[in-house]
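Notes follow once the structure below has been shown.
What follows is calculated from the coordinates using simple rules that are stated; it is not laboratory data. Every value quoted in this text rests on a predicted model; they were computed, and no experiment measured them. FYI the Cβ positions are ideal-geometry reconstructions off the backbone, even for glycines, and counts take in every protein chain you see.
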Amino acid sequence: MKPAPEIISEIETNGFVWLQGCNRQYFEKITSEIGEIIFVTDVKVNPEGRAMVTSEKGLDFHTDHHKAKYIAWFCIEQTDKGGESILLETNQLFEKLGVEEQEELRNVRLFEHKVFDDDEDTYPFMIEENGNRSFYYSFWLAKEGISEKGRTAIRKFQELTNQTEHIKFKLNPDDILIIDNHKMLHGRTAIEGSKNRFLKRLWIKEKSFTI
Ligand SMILES: [Fe+2]
C-alpha cells in the first residue's frame, strides 16, 4: 500500500487520490500521517436529520470547512443504487470566468458554519498567495453582505459547475478517497436503492513542518 509522501504527491498532481481495496487500519495510519485530524463524521443517511451530509438527496459541488486542507473518506458500506462521488477541479472553473467576474469573486466572503472556537462568520471564496489559489465554496451559504455583482459571479460559477465535465465514480467498501479541499469541489449523486451507505469522513489539517 502506498506510503504517505506518495499519496500527498498524487493529490498535489491530481487533486485527489482514490485507493481501492484497502482496510481500516491503513486508512487510520495514512490519514494521521498526511496531517492532523481535526474532525470526524459518520456519513450515513438520516432522513430525519437536517444536515445535508446525512440527507439522501444529491449534493451539488462544494467545499467543506476551510480548515480541512484534505478530506478523507473510508467506505464501510455502499448503497446499491446512486451515491456516486463527483469531483471537479475548482481553479479550472474559475479560469473559465470573465475577468470582471473573477475580480468580483476575489472580494466575496461566504458564510461559514462555526465548527471550531476561533471560526469567523465568513471566509473568502478565494485566497491567492504566491500564485497559489485556495478556494472555499459553500454556494448555499451565499447570504447577506454580498454585492449584486458578487452574487451574479457566484451564480455564474455555480452554472459552470453544472456545465463542466466532472469526475464520477462509486466508492466500494474498503475504498479510500482523499481530496485537496482547497483545490477540488466535491459532491455526490442521490442515494437510492438500499440506502445503507456508510462512510467515515475525516477533516485533515496540513501539518506545519518546522526545521
Ligand atoms: Fe462535503
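Observations
- Placing unit charges on the Cβ atoms only, positive for Lys and Arg and negative for Asp and Glu, gives the chain a dipole magnitude near 480 debye about its Cα centre.
- Scaled to the globular estimate 2.2 N^0.38 Å, the Cα spread of the range 1-89, given as radius of gyration, is 1.17.
- Listed by chain and number, the aspartates and glutamates whose alpha-carbon sits under 12 Å from that of K207, ignoring those within fewer than 8 places in the same chain, are E33, E36.
- Expressed as a fraction of 2.2 N^0.38 Å, the value expected for a compact globular protein of N residues, the C-alpha radius of gyration of the range 89-163 is 1.08.
- Each of the GluC sites (Glu not before Pro) that DSSP puts in a loop and that has at most 12 other Cβ atoms within 10 Å breaks the chain; the longest unbroken stretch is 49-119.
- Basic side chains Lys and Arg get +1 at the Cβ, acidic Asp and Glu get -1 at the Cβ, and with that the dipole of the range 95-134 about its Cα centre reaches some 160 debye.
- Debye-sum result for the range 143-211 in log10 I(q)/I(0), which assumes one identical scatterer on each alpha carbon, at q = 0.16, 0.29 Å⁻¹: -0.90, -1.39
- Only alpha carbons enter this Debye calculation for the chain, each as an equal point scatterer, and the log10 of I(q)/I(0) it gives at q = 0.09, 0.11, 0.14 Å⁻¹ is -0.35, -0.53, -0.88.
- FRET E, pair S55, D174, Förster distance 35 Å, beta-carbon r, rounded to 0.05: 0.90
- Under the shape rule built on the C-alpha gyration tensor, where the axes satisfy a ≥ b ≥ c, the range 121-171 is oblate, since a/c reaches at least 1.5 while a/b does not exceed b/c.
- Centre-to-centre, using Cα atoms only, the range 42-70 and the range 130-189 are separated by 13 Å.
- Cα-based reach from K195 at 16 Å (exclusive), listing aspartates and glutamates while leaving out same-chain residues under 8 positions away: D42, E48, E56, E77, D80, E84
- For the range 1-115, lysine pairs separated by 8 or more sequence positions, or belonging to different chains, with Cα-Cα distances below 15 Å total 5.
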